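Before any comments, here is the structure.
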Amino acid sequence: MSTLCFIDWQPSLEILKIGGFSLRWYSFLWCVGLLFAYLIVQKLYKQQKIADEKFEPLFLYCFFGVLIGARLGHCLFYEPEYYLGSVKGVMEMILPVRFAPDTWDWEFRGYEGLASHGGAIGLTAALILYVRKIKVPVLTVLDNVAIATPLTACCIRLGNLMNSEIIGSPTDLPWGFLFHTRDTLVEGVLVPRHPAQLYEALAYLCIFIAEIAIYRKFGIQDTHSHKPIMPQTSTEKHTGSMSAGTGFYFGFCLTTIFVFRFFVEFIKKEQVDFEEGMLLDMGQLLSIPFIIAGIIFMLRSKQAATQNK
């Protein structure tokens, strides 16, 4: 089979290197995604007349919630036997290092393994703690963060693409990528694969655009009076159940992201050995509760809007 029509993917992992310091694409895109989320949610808070002092702590809650949740999610969902099987494994779960097999010598490796499902759980837990401390309506916080989340997820998946990780299954489609990593070989031969990371990144970008469009069309909710704030154009029709603060955007975000995640897993390579032969892989099994929760939040958003009138 000729590979001339396929995309030969061999990007540099590093953006720049100065002495012993190197900046990798993955880390950079994580930071870009978090910066986008910070700016978007900051603007939403201002539109909804929420005090600046209530916004400022939010970033730290989200940052540590996502990072801790994503790390623990990978370790506990995908490699529990390694990370829970020894003292070194437990330490590696917490610290960004890798120990030598037979000694306590270590090297800094960063966090090699972050799971989006764990990140979602960690983020939700962090937001609950934030709400209890800062006293902002929980659905308002969940909705605002949910509007920004797909764009951050898009950036993270682009980072996975630059790392040539979370690759797809073999394909003969003309946009197949030739990932030059050991686990892309089939019987010792490099074969083109679905760029599953790129599919997810584009899907999440579309979800973000859809949420912004819905939000701009149907207005926002005043968190002080709990009454809808009408869109600026008086001719636009307001739908209370789609106002920020009803849980609609949180439900929409969960449902759309994890429905896509469920189906894209069918064209992904198994991430861990135990997934081979499974009818549904770990990513799909973990997506189902999020989809159900998302649907429940969207259905209940009408009830929340009615109560706030």
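Some points to look at:
- Members of the range 86-107 that are loosely packed, with under 13 Cβ neighbours inside 10 Å and not small (Gly, Ala, Ser): VAL87, PRO96, PRO101, ASP102, THR103, TRP104, ASP105, GLU107
- Any pair with Cβ under 6 angstrom, 6 or more apart, that starts in the range 75-91 at a residue that is within 12 Å of VAL272 (Cβ to Cβ) and ends at one that is assigned to a loop (DSSP other than H, G, I, E, B): PHE77/ALA115; TYR78/VAL272
- Scope the range 92-111; condition farther than 26 Å from ALA148 by Cβ, under 24 Å from the mean Cα position of the chain (by Cα) and in a loop (DSSP other than H, G, I, E, B); matching residues: LEU95, ARG109
- Whether a residue is farther than 21 Å from LEU198 by Cα and surrounded by fewer than 24 Cβ atoms within 10 Å (Cβ to Cβ) was assessed, and VAL141 does not pass this test.
- Of all residues making up the range 153-175, the number that are part of a loop (DSSP other than H, G, I, E, B), under 24 Å from the mean Cα position of the chain (by Cα), of a type outside the set (Val, Ile, Thr) and surrounded by fewer than 21 Cβ atoms within 10 Å (Cβ to Cβ): 3
- Of residues in the range 272-309 being touching a His at 6+ places or on another chain (Cβ under 9 Å) and polar (S, T, N, Q), the one modelled with the highest pLDDT: SER287
- Test for LEU142: is it out of contact with any Pro (no Cβ under 7 Å at 6 or more places or on another chain), more than 14 Å from LEU29 (Cβ to Cβ) and in a helix (DSSP H, G or I): yes
The values are calculated or read from the model by the stated rules, or taken from the named source; none is laboratory data. For clarity, every value in this text was computed on a predicted model and none was experimentally measured. As a convention, Cβ positions derive from the backbone with ideal geometry for all residues, glycine included, and neighbour counts pool all protein chains shown.
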